[in-house]
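This report concerns only the one structure given below.
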Amino acid sequence: MPSLLIVGGLTVDRFADGSRAPGGSVLHAGLAAAAEGADLTILTVAGDEPEARAGLARLDAYGTLLRQSSPATTTYRHEESDGHRVLVYEDAAPPIDVDDLAGLPPADVVLVAPIAHELAPGSIERLRRASGAKLAVLLIQGWLRELRIGEPASPRRLDELPPELWAEFGAADAVVVSVEDFAGEASDPFAQAAAIRAHLGPRPILVLTLATDGYLLDDPTAERVVASVPRHVVEGVPAVGAGDTFGAALAIHLARGTSPAVAATAATERVIAVLEARKA
């Protein structure tokens with residue numbers, strides 16, 4: 001089974017009913033990777049709120065947890081507007097320090113998954129070198145968000161990201177992005193995928209997830225972009241963390257040597273399993 005390093009911030013999520021829970025890409029991706037049986041290392045930043053401690057305890061039970069302390073955990077308030085999720089940015093953790101990673105365990109694949117501004121430029125290559133990972137898979141949602149404390153997160157336009165950051169993305173093996181985090185002039189997912197590809201360059205596999213409508217897979221070695229529409233849609237449960245779950249499963253199956261199409265299908269099945277479990 002491949003070894004996986006997941007890097008990103010933990011969150012405290014606040015919901016409309018007044019409840020609070022741990023969240024963030026590292027938690028959702030970490031639980032998915034554990035369910036896949038991966039040898040797991042998590043590098044994150046978090047404070048000492050009860051929800052953060054609960055999330056860290058869950059991750060610590062499934063693998064090696066490397067936590068950088070913070071005065072506060074990144075906090076999002078979850079709201080809805082016209083049927084769409086709205087995230088209000090309420091508190092921020094400092095960036096993850098990737099300058100001294102001498103004690104980092106080796107990994108076959110690194111999943112880089114920021115949820116705010118916790119990874120500075122150059123972090124991806126540093127993490128890859130420090131872990132010895134052969135593959136790098138990116139969930140780029142954290143880089144595509146315009147964030148101000150007390151305000152809803154809003155998507156950044158692709159051309160607002162600096163060229164050096166696109167160069168980092170373009171050196172990865174796979175990039176996963178959701179239509180929810182994409183702001184551009186393109187009016188349909190195929191045009192959106194083409195716009196992202198134009199910025200990425202020819203190297204990475206690109207997956208554009210479409211919520212319950214499935215995903216688009218742009219494999220540079222294939223002749224065409226493939227649309228996958230699921231026959232089974234899980235309804236009536238929150239889909240929080242579905243993209244992170246997809247990314248973790250995709251990374252593990254790519255590290256196993258499966259084709260991008262097979263890996264994306266397996267990742268979809270993992271998302272369905274997680275959502276089905278929420279119905280219980």
Restricted to the chain, the DSSP antiparallel beta bridge percent, nearest 5, is 40 percent
When the chain is treated as a GNM, springs tying every alpha-carbon pair under 10 Å, which of G236, G132, G201 comes out with the largest mean-square fluctuation?
G236
Amide H proximity to G24 below 5 Å, modelled H, separation 5+ or other chain, gives T11
Under 5 Å, built H, 5+ apart or other chain: amide partners of L40:
L4, T64
Kindly provide the GluC sites (Glu not before Pro) of the range 135-185 that DSSP labels as loop, not H, G, I, E or B, and whose Cβ sees at most 16 other Cβ atoms within 10 Å.
E185
For the range 206-267 and the range 89-111, what is the separation of their C-alpha centers, rounded to whole Å?
25 Å
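If Lys and Arg each add +1 and Asp and Glu each add -1, what is the summed charge of the other residues whose beta carbon sits under 14 Å from the beta carbon of A266?
Numbers: positive: R256, R270; negative: E36, E269.
Value of the local net charge: 0.
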Filtering the chain for DSSP H helices with an axial alpha carbon extent of at least 24 Å and a Kyte-Doolittle mean of at least -1.0 returns 260-278
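Going from the alpha-carbon gyration tensor of the chain, what semi-axes, largest first and in whole Å, does one get by taking the root of 5 times each eigenvalue?
That gives 24, 22, 20 Å for the three semi-axes.
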Rg from C-alpha atoms of the range 1-107, normalised by the globular rule of thumb 2.2 N^0.38 Å, equals 1.11
With only Lys, Arg, Asp and Glu charged, each at its Cβ (+1 for the first two, -1 for the last two), find how big the charge dipole of the range 3-278 is about the Cα centre; round to the nearest 20 debye.
540 debye
Checking A92, A29, A167 against a Gaussian network model of the chain (alpha-carbon springs below 10 Å), the top fluctuating residue turns out to be A167
Dipole of the chain, positive end: most advanced residue of T11, G47, V229 [Cβ charges, Cα centre]:
V229
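Taking loop as defined by DSSP and a crowding limit of 11 other beta carbons within 10 Å, which trypsin sites (Lys or Arg not before Pro) in the range 86-151 fit?
Qualifying residues, ordered by number: R148.
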Can you find, among V112, A57, A93, the residue farthest towards the positive end of the dipole of the range 36-126? Put +1 on the C-beta of Lys and Arg, -1 on that of Asp and Glu.
A57
Binned at 10 Å from 0, what are the whole-percent values of the Cα-Cα distance distribution for the range 131-271, short to long?
11, 43, 36, 10, 0
Residue among T221, T44, T75 with the largest mean-square fluctuation in a Gaussian network model of the chain, springs linking Cα atoms under 10 Å
T221
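Where Lys and Arg each count +1 and Asp and Glu each count -1, what net charge lies around A120 among other residues with Cβ under 10 Å from its Cβ?
Working: positive: R126; negative: D97, D99, E118.
Counting the neighbours of A120, the net charge comes to -2.
Every number in this text was worked out from the coordinates using simple rules, so none of it is lab data. Quick caveat, the model's predicted, so the values are computed rather than measured. Here the Cβ is made from the backbone with ideal geometry for all residues, glycine too, and neighbour counts use every protein chain on show.
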